[in-house]
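The values are calculated or read from the model by the stated rules, or taken from the named source; none is laboratory data. What you see is a predicted model, and the numbers here were worked out from it, not measured in a lab. Here the Cβ is made from the backbone with ideal geometry for all residues, glycine too, and neighbour counts use every protein chain on show. These area figures cover heavy atoms from the full protein model, side chains too; ligands, DNA and RNA do not enter into them. Shrake-Rupley method; radii C 1.70, N 1.55, O 1.52, S 1.80 Å.
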Amino acid sequence: MTSHYCPHTPQEIREMLDAIGVASIEELFAPIPAELRATTFNLPPGRSEFETYARMQQLAADNCSQLSLFIGGGCYDHLIPAAVDHLAGRAEFYTAYTPYQPECSQGTLQALFEYQTAICRLTGLEVSNASLYDGATALAEGALMALRATNRSKLLVDGCVSPIARQVLATYLSNLEVEIVELPPLDGLLNRQELAAQLDGDTAALLVQYPNVFGCVEDFSAVAEQVHAAGGLLVTAVYPVALGMLKSPAEIGADIAVGDGQSLGNPLSFGGPSFGFIAAKKAYIRNMPGRIVGETVDKNGQRGFVLTLQAREQHIKRHKATSNICSNQSLCALRGLIFLSALGRDGLVELAQLNYDKAQYAKACLARIPGVTVLQSAPSFNEFTVSLPKQADQVVAALLAKGIVAGLPLGQYFEGSENLMVVTVTEKRSKKEIDLLVKELEVALCN
């Protein structure tokens, strides 16, 4: 005999509907379009564990996970050493909570301390916090740091910064009395003439990306001097893998460096989770959000670790808090630390070189296709922009049917850029895959 279970009586349902001010269940669900509503709740008969597992494998296969990915724009398909999953999956890390009590959180605290050290070495800057949510929110936190440190109210944002990150920045600052001035790109680069026109005594910071959304790499050293002369700061969003080859943010004069750590040992996973990192000159440590782990000694002189600075309103006076960050994505940050430790300095350099070399090969091959032009206004790392004789989104759709994600169409982000596409080549892309991309792109452009 089949039994049915209903958690609420008709009388209880009536009382709940009256309390929220709707007449019926149908009215409650009215905002949901009809085509998105469940047509039935008649579930199929139960399955055994083996049958359920087989069905889940069948559904997973529908995700078409064997695509050749030439798309980046902030999330990248990099190799992840097996040690990352193994170590990050240990119970003492995987189940750890926020390390409020140092006496029973030494393992977590030491791991975060070493993470901060790795980020400082990567960026060349003096201090790092214990990580943030993701790259876009890290950029917003970097901007807020600059506003507090300078006590100014104007931000200049290079139009070559990721448009998604710029949207997050605008949302973060929407309720503050802050003027955000976006500098329109010039040939895929920072518009330095517009920068000179907008830079003034109210400017707290210039926000740039390195490499930028078009894949271009600029040396911002002269720009940093220009901004500093006006009393402002340089905030740089960086792609960490590229720092295995490029000058560090500190070397180009950045005061604050931020970025997304997904490329450091974190899988794509349909968009997350990831972690954001932020590093700065020591002079701005009191304006840094979140938590900073420090090294100390206990009463017996033994080495130990504590939360040295905690800038949340939960820990200090609300009006003095720099953030309300409640989760620092520390497990993802731990993966970043393990990834960097597994590669080491030389390994990171070799990884960057592989990305660069493969992207250069792809760039040369694509440039030979009739009608395709590669943007050459500046050097690139593993991303570059191509101009196509057709709309990029249509070309991407055509190649997707062939199992190739050809790149990121820019038309949805930049007016008049419907034919532009950013191609990304990581170390995982083989020569065979690159050659197939070139072949299928040529076919798609001819049809």
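So here's what we get for this one:
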| item | result |
| --- | --- |
| Ratio of the Cα radius of gyration of the stretch 82-151 to 2.2 N^0.38 Å, where N counts its residues | 1.35 |
| Rough spin-label spacing in nm, given labels placed 7 Å along Cα→Cβ, for ASP18 and HIS228 | 7.1 |
| Carbon + sulfur, % of accessible area of the stretch 14-98 - ligands and nucleic acids excluded, 1.4 Å | 60 |
| Dipole axis of the chain (+1 Lys, Arg; -1 Asp, Glu on Cβ), positive-most option in GLN106, GLY74, ALA364 | GLN106 |
| Amide H contacts of GLU218 (H built 1.01 Å from N, under 5 Å, at least 5 apart or other chain) | ASN212 |
| Percent of Cα pairs exceeding the 19 Å cut-off, where the set is the stretch 325-435 | 56 |
| Cα convex hull of the chain - mean projected area over all directions, nm² | 29.4 |
| Difference of contour (0.36 nm per residue) and Cα-Cα distance, TYR100 to GLU126 | 6.9 nm |
| Relative contact order %, the chain, counting alpha carbon pairs below 8 Å whose residues are six or more apart | 20 |
| Label zone at ASP357, where the point sits 7 Å out along the Cα-to-Cβ direction: the stretch 418-435 residues whose backbone N lies under 20 Å | 424-435 |
| Rg(Cα) / (2.2 N^0.38 Å) computed for the stretch 250-293, rounded to two decimals | 1.41 |
| Positive-pole candidate from PRO289, LEU144, VAL181, dipole of the chain, charges at beta carbon | PRO289 |
| Computed [θ] at 222 nm, helices only, for the chain once each DSSP H run of length n ≥ 4 contributes -39500 (n - 2.57) | -11500 deg cm²/dmol |
| The stretch 2-129, Cα convex hull volume normalised per residue, Å³ | 344 |
| Heavy-atom accessible area per residue - the stretch 393-443, 1.4 Å, Å² | 47 |
| Kirkwood-type radius of the stretch 69-203, with distances r between different C-alpha atoms, in Å | 18.2 |
| Cross-link pairs LYS281/LYS320; LYS282/LYS428; LYS363/LYS402; LYS282/LYS363; LYS282/LYS358 - those with Cα-Cα distance over 32 Å | LYS282/LYS428; LYS282/LYS363; LYS282/LYS358 |
| Residues of the stretch 60-190: accessible area per residue with a 1.4 Å probe, Å² | 48 |
| Charge dipole (debye, nearest 20) of the stretch 178-253; +1 at Cβ of Lys and Arg, -1 at Cβ of Asp and Glu | 240 |
| Burial order of peptide ranges 199-209, 99-109 (average beta-carbon count within 10 Å, highest first) | 199-209, 99-109 |
| Cβ-derived FRET efficiency at R0 35 Å, GLU350 paired with GLN376, nearest 0.05 | 0.85 |
